[in-house]
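Rule-based calculations on the coordinates, nothing more; no lab input. Just so it is clear, the structure is predicted and the values come from calculations on it, not from any experiment. Here the Cβ positions follow ideal geometry from the backbone for every residue, glycine too, while neighbour counts run over all protein chains shown.
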Amino acid sequence: MQKQRVFSGIQPSGNLTVGNYLGALKNWVAIQKEYENYFCIVDLHAITVPQDPKVLRQKIREVAAIYLAVGLDPEHCVIFRQSKVAEHTELAWLLNCVARFGELSRMTQFKDKSQKGGADSASAGLFDYPVLMAADVLLYNAHLVPVGDDQRQHLELMRTLARRFNHTFGDTFVVPEAMIPPTGARIMGLDDPTVKMSKSSPVPAHYVAILDEPDAVRKKIRRAKTDSGSEIKADPERPAIRNLLDMYSAMNGKSIPEIEAEYEGKGYGDLKKDLGEVIVEGLAPIREHALELLDDPAELDRILDSGAERARKVASPVLRDAKTRMGVE
Ligand code: ATP
Ligand code: LTN
């Protein structure tokens, strides 16, 4: 039987965080053998906000190294850079003519990110971000898109665009579904547990990076914001403790009630100390492997080039079909 396809991606827009690991990468590794997978480094999404070209080039390699170091296997997964497969931008243009201005104006990620630098100076690319993301997935007729909770709205729009295209021009695209993990889908900032942990934060104390040194990880967890009250209990009124428990649970698989029971009568300090160790233990092998891979950039580039070639073979006929149906081929 033909395996179903999976597509997902991460932006090389900073240091990959424990949020990216728990919300996305960990899940990708867990399911890779059941599907035909396309895991993309979405560099064209990263440039929707300003990037330093030199740093961006380095971050692209880092993401590639981390994809491999977490255990994605090129035998099951096509690993590639979005910018190396021109079909993504071409299909994005076709879908731009299907997406509506009102729909894009309602995207909360656009509203949040455009507000940061003043809405008038946000790039047109930032506004169009969800359309390029729809093109990424629809080009491969992927069934499933494993992402964190913050991507729900983009996934809904992607489904709307696929359905609208199929309805207008005839059955062309698979309508994909989001796959969101039960724990770890929304890790919050260490310095502010009311906002999502984000790799593009300028404040290093905001996140634990996958490539952080073990001592830095321990220190960041120790200094993470706490809320009032000392009981170790997942209480919706106390976002800081909730976030620490979520990370603990997603990292080592124990349920939150189990962890609460273990810490009965203990305090924040104990939980933070142990959580630091749990994260260090989980990330250390990934970090070491990624650093080794980064020592051989030519080999990383070779893997990415061969991934792009495999991706193009699938994307190119799908793009041609979409163009034919729209009357531009
Ligand atoms: P940026 O800060 O540049 O917007 P980001 O850290 O939000 O980046 P993305 O590249 O946008 O990361 O997301 C890559 C994947 O990681 C997506 O599947 C996303 O849902 C997931 N993800 C990102 N942040 C978190 C988080 N805090 N908790 C869980 N999953 C997350
Ligand atoms: N917008 C996504 C990154 C992304 C993506 C994709 C995820 C770009 N294209 C296609 C899944 C499928 C994010 O996680 N911020």
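Of the GluC sites (Glu not before Pro) found in the range 244-298, those in coil by DSSP whose Cβ has at most 13 other Cβ atoms within 10 Å are 264. When the alpha-carbon atoms of the chain are used, the pair Rg, Dmax equals 20.4, 69 angstrom. Think of the range 233-329 as a dipole: +1 on every Lys or Arg Cβ, -1 on every Asp or Glu Cβ, centred on the Cα centre; then among 311, 328, 282, 328 lies furthest on the positive end.
Between the amide H of residue 177 and those of 144, 145, distances stay under 5 Å, these residues lying 5 or more places away or on another chain, with hydrogens modeled in the peptide plane. For the range 25-100, the dipole from Cβ point charges (+1 on Lys and Arg, -1 on Asp and Glu) about the Cα centre works out to 300 debye, to the nearest 20.
Going by neighbour counts of Cβ atoms within 10 Å, the residues 95, 132 line up, fewest first, as 132, 95. Listed values for the range 197-208 are Karplus-derived 3J(HN,Hα) couplings in whole Hz (6.51 cos²θ - 1.76 cosθ + 1.60, θ = phi - 60°), namely 4, 9, 5, 8, 5, x, 9, x, 6, 6, 9, 9, and x replaces Gly and Pro. Membrane-span-like helices of the chain, defined as complete DSSP H segments with a Cα extent of 27 Å or more along the helix axis and a mean Kyte hydropathy of at least -1.0, are identified as 268-294, 297-326. The sum of -39500 (n - 2.57) across all DSSP H runs of n ≥ 4, divided by the residue count of the chain, sets its helix-only mean residue ellipticity at 222 nm to -16500 deg cm²/dmol.
Among 295, 274, a tally of other beta-carbon atoms within 10 Å of each Cβ gives an order, fewest to most, of 295, 274.
Panel order for 167, 45, 76, 206, by other beta carbons found within 10 Å of each beta carbon, from fewest to most: 167, 76, 206, 45.
Only the Cβ atoms of Lys and Arg (+1) and of Asp and Glu (-1) were treated as charged; on that basis the dipole of the chain about its Cα centre amounts to roughly 780 debye. Given +1 at the Cβ of Lys and Arg, -1 at the Cβ of Asp and Glu and no other charges, the dipole of the range 198-306 around its Cα centre is 600 debye to the nearest 20.
When the Cα positions of 1, 139, 27 are compared along the charge dipole of the chain, 139 comes out farthest toward the positive end, with charges on each C-beta of Lys, Arg, Asp and Glu.
Over the C-alpha atoms of the range 110-163, the Rg to Rh ratio, Rh being the Kirkwood estimate, stands at 1.03. Simple rule: put +1 on each Lys or Arg Cβ and -1 on each Asp or Glu Cβ in the range 29-107, find the dipole, and look at 42, 91, 68; the Cα lying farthest toward the positive end is 42.
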